[in-house]
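A short worksheet on the structure shown next.
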Amino acid sequence: MSRVDLLTAEDVTDQRGEALDQIHGAFGFVPNMFKAVANSPAALQSMWGSFGALSTGALGAKIGEQIAVAVADRNRCDYCLSAHTLLGKKAGATTEEMTEAQKGYSADPRTAAILTLATELVDQRGQLDVGAVRSARDAGLTSEEIVETIAHVALNVFTNYINLALDVPVDFDRVRLTAK
């Protein structure tokens with residue numbers, strides 16, 4: 001049971017209704033996470049706007065979803081793990097690629113470097129040493145890709161914390177967490 005009301009477009013009379021309508025258009029329904037976040041117009045605008053901005057970034061949707069499952073597993077957020085596994089497959093990832101990404105791995109060297117950076121960010125709570133960024137650069141990541149990876153991690157930590165702190169009911173097929 002969610003610790004906050006799960007709002008719908010019919011429950012609000014401000015810009016949240018428009019955002020919830022956009023979310024419905026994107027997903028075919030409004031996921032419970034967005035219904036919970038809709039309790040704050042600013043938080044909903046921040047979250048939905050960040051998803052929109054990052055969806056057009058240099059990393060692409062597939063890698064964005066791979067980052068999301070790696071972060072979700074590290075933070076033990078089964079809501080985000082379940083949602084982003086589905087979204088990753090819709091973005092062209094195989095089941096195996098999403099399972100490996102959940103563990104922070106990829107057979108693709110560029111994706112592996114991105115996931116290593118992302119998981120180190122989570123594990124080190126953002127306090128990377130110079131070696132982590134140097135390793136990302138040595139793997140061929142550009143400054144844009146490094147910064148965008150950090151942005152994806154930050155957005156996913158935000159969504160993980162919303163779902164965990166507010167006990168948002170999972171409305172996707174559940175995927176099993178691997179992190180301890």
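Here are the numbers for this structure:
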{"quantity": "Pairs where the first residue, in segment 93-106, is closer than 18 Å to Asn156 by Cα and the second is modelled with pLDDT of 95 or more and surrounded by fewer than 16 Cβ atoms within 10 Å (Cβ to Cβ), C-beta under 7 Å, 6+ apart", "calculated": "Met98/Lys89"}
{"quantity": "Every residue from segment 10-19 that is touching a residue at least 24 places away in the same chain (Cβ under 8 Å) and surrounded by 15 or more Cβ atoms within 10 Å (Cβ to Cβ)", "calculated": "Val12, Arg16, Ala19"}
{"quantity": "Subset of segment 107-125 (residues that are of a type outside the set (Lys, Arg) and in contact (Cβ under 8 Å) with a residue 24 or more places away in the chain)", "calculated": "Pro109, Thr111, Ala112, Ala113, Ile114, Leu115, Leu117, Ala118, Thr119, Leu121, Val122, Asp123"}
{"quantity": "Some residue of segment 113-136 being outside any helix (DSSP H, G or I), open to solvent by less than 70 Å² (accessible area, probe 1.4 Å) and modelled with pLDDT of 95 or more", "calculated": "no"}
{"quantity": "Test: residue in segment 58-73 that is part of a loop (DSSP other than H, G, I, E, B) and surrounded by 15 or more Cβ atoms within 10 Å (Cβ to Cβ)", "calculated": "yes"}
{"quantity": "Lone unmet requirement of (1) within 29 Å of Leu44 (Cα to Cα); (2) in a helix (DSSP H, G or I) for Val168", "calculated": "(2)"}
{"quantity": "Count - residues of segment 21-41 that are on the phi < 0 side of the Ramachandran plot and open to solvent by 40 Å² or more (accessible area, probe 1.4 Å)", "calculated": "11"}
{"quantity": "Close pairs (7 angstrom Cβ cut-off, 6 or more residues apart or separate chains): closer than 14 Å to His84 by Cβ and among the aromatic types (Phe, Trp, Tyr) in segment 152-180, at pLDDT 90 or above and open to solvent by 40 Å² or more (accessible area, probe 1.4 Å) anywhere", "calculated": "Phe172/Leu86"}
{"quantity": "Neighbours by Cβ (under 6 Å, 6+ apart or cross-chain): first from segment 49-78, more than 12 Å from Ile114 (Cβ to Cβ); second open to solvent by 50 Å² or more (accessible area, probe 1.4 Å) and assigned to a loop (DSSP other than H, G, I, E, B)", "calculated": "Asp73/Thr178"}
{"quantity": "Subset of segment 137-150 (residues that are assigned to a helix (DSSP H, G or I), of a type in the set (S, T, N, Q) and touching a residue at least 40 places away in the same chain (Cβ under 8 Å))", "calculated": "Thr149"}
{"quantity": "Candidates Leu87, Leu44, Leu7, filtered to the one that is assigned to a helix (DSSP H, G or I) and surrounded by fewer than 21 Cβ atoms within 10 Å (Cβ to Cβ)", "calculated": "Leu87"}
{"quantity": "Answer residue from segment 138-153, given it is on the phi < 0 side of the Ramachandran plot and either loosely packed, with under 14 Cβ neighbours inside 10 Å or modelled with pLDDT under 95 (or both) and is farthest from the chain's Cα centre (by Cα) among those", "calculated": "Asp138"}
{"quantity": "Filtered residues of segment 26-41 (kept if in a helix (DSSP H, G or I) and at pLDDT below 95)", "calculated": "Ala26, Phe27"}
{"quantity": "Test set (1) of a type outside the set (A, V, I, L, M, F, W, C); (2) more than 14 Å from the chain's Cα centre (by Cα); (3) assigned to a helix (DSSP H, G or I) - Tyr105 fails condition number", "calculated": "(3)"}
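The values are calculated or read from the model by the stated rules, or taken from the named source; none is laboratory data. Bear in mind that the values here come from a model prediction, so they are computed numbers and not experimental data. Neighbour counts are summed over all protein chains in view; Cβ atoms, including those assigned to glycine, are modelled from backbone coordinates with ideal geometry. Note: accessible area is taken over every heavy atom of the protein model, side chains too, but ligands, DNA and RNA are not part of it. Shrake-Rupley method; radii C 1.70, N 1.55, O 1.52, S 1.80 Å.
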